[in-house]
Amino acid sequence: MDISIRDFSCRAGHFDPTLASGATRGGWTYTTRSYHFILLERTTRVTIGDETLSLPMDTLLCVRPGETYTVQLPCSAYYILVGTEDESHKTYLDSWPRTMVLCDAERCAALMRDIAMAEQEENVKKVISAVMILSDILEQERRVQQDASRVPTEKTRETVRRGIEYMDAHFREKCTLEEVASYVGRSAIYFHDTFEEVAGESPYEYITRLRLNEAKRLLAFTSEPPADIAVRCGYGSQSYFNYVFKKAMGITPLTYRRENNKCLCKE
């Protein structure tokens with residue numbers, strides 16, 4: 001039976017196409033009316049539309065409403081079928097990857113069994129509890145795998161390292177994003193996005209930090225006029241240097257000098 005809770009309904013169980021009506025020697029075909037989450041117990045070939053996938057054991061397969069899929073025999077799997085009329089729930093379920101190999105497939109399968117048993121007993125409270133635990137586990141698995149897929153490769157790290165090397169050597173000059181990207185052999189957009197992903201800040205933020213650190217050193221330990229310091233730190237004008245410095249530090253370069261000059265230099 002289907003357990004319905006407000007705008008949400010689910011049905012879980014064990015999937016054995018050899019026992020299902022409509023199964024043929026080649027497989028079992030079904031057109032969905034709800035979201036099907038199928039946890040495969042063995043390597044299986046699945047065709048969805050024009051795409052055929054060879055999926056390993058412990059893969060969670062997501063099939064969305066209105067899609068037709070064919071499971072090649074032999075096959076066995078646990079499943080949970082989810083229906084909802086809530087648009088936010090649909091958006092969330094639509095965002096799920098087509099396939100995901102689970103780290104804790106055994107626990108997920110056990111929860112699907114618990115949901116199926118609770119449905120047979122018409123124990124709504126137990127169904128809700130098991131569904132919530134299962135959804136938490138699957139969401140955690142998804143986030144872990146998304147994070148893992150974003151782990152930079154050694155080649156990517158080397159690209160960023162060379163970019164940092166170039167900016168460290170040239171931040172006192174104009175040093176544009178295009179120049180840095182050209183040096184590392186990448187497009188400006190690619191280098192910007194890759195740098196931000198690896199370093200946690202944009203190339204502009206990194207080079208601004210270098211320039212401001214150098215400006216603070218010169219303001220504190222030399223008597224050079226702020227206009228000259230602006231040029232030495234890669235800024236084309238003192239007014240823009242003042243703007244960037246105050247925005248970052250909360251005070252003007254002259255105020256910083258008065259408060260931090262180590263040799264008591266006079267303006």
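The values are calculated or read from the model by the stated rules, or taken from the named source; none is laboratory data. What you are looking at is a predicted structure, and each value in this text was computed from that prediction instead of being measured. Cβ sites come from the backbone with ideal geometry, for glycine too, and all protein chains shown count toward neighbours.
Structure summary
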{"item": "Residues being modelled with pLDDT under 90 and small (Gly, Ala, Ser) - total across segment 189-219", "result": "2"}
{"item": "Meets criteria (farther than 30 Å from Ser237 by Cα and in contact (Cβ under 8 Å) with a residue 40 or more places away in the chain) for Arg157", "result": "yes"}
{"item": "Strands (runs of 3 or more DSSP E) contained entirely in segment 36-114, each with at least 3 residues that are closer than 22 Å to Ser129 by Cα and assigned by TED's automatic domain parsing to the domain that holds Phe15", "result": "77-84"}
{"item": "Segment 215-224: number of residues that are farther than 17 Å from Ile251 by Cβ and in contact (Cβ under 8 Å) with a residue 24 or more places away in the chain", "result": "3"}
{"item": "Within segment 149-267, helices (runs of 4 or more DSSP H) holding 1 or more residues that are surrounded by fewer than 18 Cβ atoms within 10 Å (Cβ to Cβ) and among the polar types (S, T, N, Q)", "result": "154-170, 177-184, 203-221, 238-249, 253-260"}
{"item": "Yes/no for Val131 being within 22 Å of Arg11 (Cβ to Cβ) and either crowded, with 18+ Cβ neighbours inside 10 Å or among the polar types (S, T, N, Q) (or both)", "result": "yes"}
{"item": "Cross-chain or 6+ apart pairs with Cβ under 9 Å, segment 168-190 first and among the basic types (Lys, Arg), then loosely packed, with under 14 Cβ neighbours inside 10 Å", "result": "Lys174/Gly236"}
